[in-house]
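Engineer: This structure is in structure tokens; I'll ask about it shortly.
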Amino acid sequence: MVNIYCGIMAYFGRNDYELKFQFDAAVNHHDPKEDLNGEQLSLSLGDLQIILDNGRASLIDRATILCKFHGGLDNITLTDRFNFEAWPQLVKWFGDDDHRRWDLKKCPAVVKLYRIKVNFEYNSMYDVDAIQALQQALTWREKKTGHKMKSGDAMLLNEKMTPLTDRWVSDLVPKLSERSGNQRIFKILSGFTKEKKSHELRDLLKSTLLVCGTMPYAADHALGHKPRDSYEKQAILYPEKIR
């Protein structure tokens, strides 16, 4: 929406007619979820298992999805933050720069990330299956590149040996869902929308945490949501409780 707004402003500015109007991109506009005739877009744990197994997910696909799911990561936080900043933190957490020797008994591992969208630093956490998938992806990476990981490098690379992009991650869940035969497409006012998308992983994480008895403040923190008011400092005062 910001790009569209800037495009309109630039067009009129270059055609000698300055157009002045305000636009707040932070305001929610048309939501496709409102056009589904009462149905909800959803992704269950069972769906997740199906798309990973039957969708022929590669090592990189699996590591990307499980890290995104466990860490409650939006696409930008995954590609621009986690992918470049998690390695030194994981090395410190497990006490070893050889990912093959990481002790899974130390899971869930904590990685501190800054979520740009809401200007908030939070602790993202990764349990055994996400770390195991990441280990396999790192072994594949080392074999393909011919050198070990080092700080500043991207952990997860695509088949072209370049860092993951927002668009690549966005397309991943729909692609695997279609391969697995576990995708639904809805007709909405603005065209079509797919039921299983990458954002649904964040919905799934929070829903699963709450059903399993996690306190709401901790479930919100796991998604990188800011506290509701300045009095709520549980994440700062009691980080181990959230973990």
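Engineer: In µm²/s, what is D for the stretch 44-182 at 20 °C and 1.002 mPa s, where D = kT/(6 pi eta Rh) by Stokes-Einstein and Rh is the Kirkwood radius from Cα pairs?
Structural biologist: For the chosen part, D equals 141 µm²/s.
Engineer: For the stretch 38-114, what is the accessible area per residue in Å², given a 1.4 Å probe and the full set of protein chains?
Structural biologist: Here the residues of the stretch 38-114 average 44 Å² of exposed surface.
Engineer: Can you pull the Kirkwood radius for the stretch 52-105, inverse mean 1/r over Cα pairs, to one decimal in Å?
Structural biologist: Mean inverse Cα-Cα distance, inverted, gives 12.4 Å.
Engineer: Determine the gain in length on full extension of the stretch Tyr5-Asn158; use 0.36 nm per residue of separation and subtract their C-alpha separation, reporting nm with one decimal.
Structural biologist: Gain in length upon complete extension: 51.9 nm.
Engineer: If you filter the stretch 78-156 for trypsin sites (Lys or Arg not before Pro), then keep DSSP loop positions with at most 15 other Cβ within 10 Å, what is left?
Structural biologist: Sites meeting the loop and neighbour criteria: Lys148, Lys150.
Engineer: Modelling each spin label as a point 7 Å along the Cα-to-Cβ direction, I'd like the Val118/Thr145 distance in nm, to one decimal.
Structural biologist: It is 3.1 nm.
Engineer: Still on this structure, I have one more. Determine how many Å³ per residue the convex hull of the Cα atoms of the stretch 95-243 encloses.
Structural biologist: 176 Å³
Engineer: Any idea what the relative contact order of the stretch 125-243 is, in percent, if you count C-alpha pairs under 8 Å spaced at least 6 apart?
Structural biologist: Rounded, it is 14 percent for the stretch 125-243.
Engineer: Taking all protein chains in place and a 1.4 Å probe, what share, in percent, of the accessible surface of the chain do carbon and sulfur account for?
Structural biologist: C and S atoms contribute 53 percent here.
Engineer: Can you list residues from other chains, or at least 5 along the same chain, whose modelled amide H is less than 5 Å from the amide H of Phe120?
Structural biologist: Amide H neighbours of Phe120: Arg115.
Engineer: Among the lysines, which fall within straight-line cross-link reach of Lys92, defined as a Cα-Cα distance under 24 Å, with same-chain neighbours fewer than 8 residues apart omitted?
Structural biologist: Once the sequence-local lysines are set aside, what remains near Lys92 is Lys68, Lys105, Lys106, Lys112, Lys143, Lys148, Lys150, Lys241.
The values are calculated or read from the model by the stated rules, or taken from the named source; none is laboratory data. Remember, it's a predicted structure, so these values are computed and weren't measured experimentally. As a convention, Cβ positions derive from the backbone with ideal geometry for all residues, glycine included, and neighbour counts pool all protein chains shown. These area figures cover heavy atoms from the full protein model, side chains too; ligands, DNA and RNA do not enter into them. Shrake-Rupley method; radii C 1.70, N 1.55, O 1.52, S 1.80 Å.
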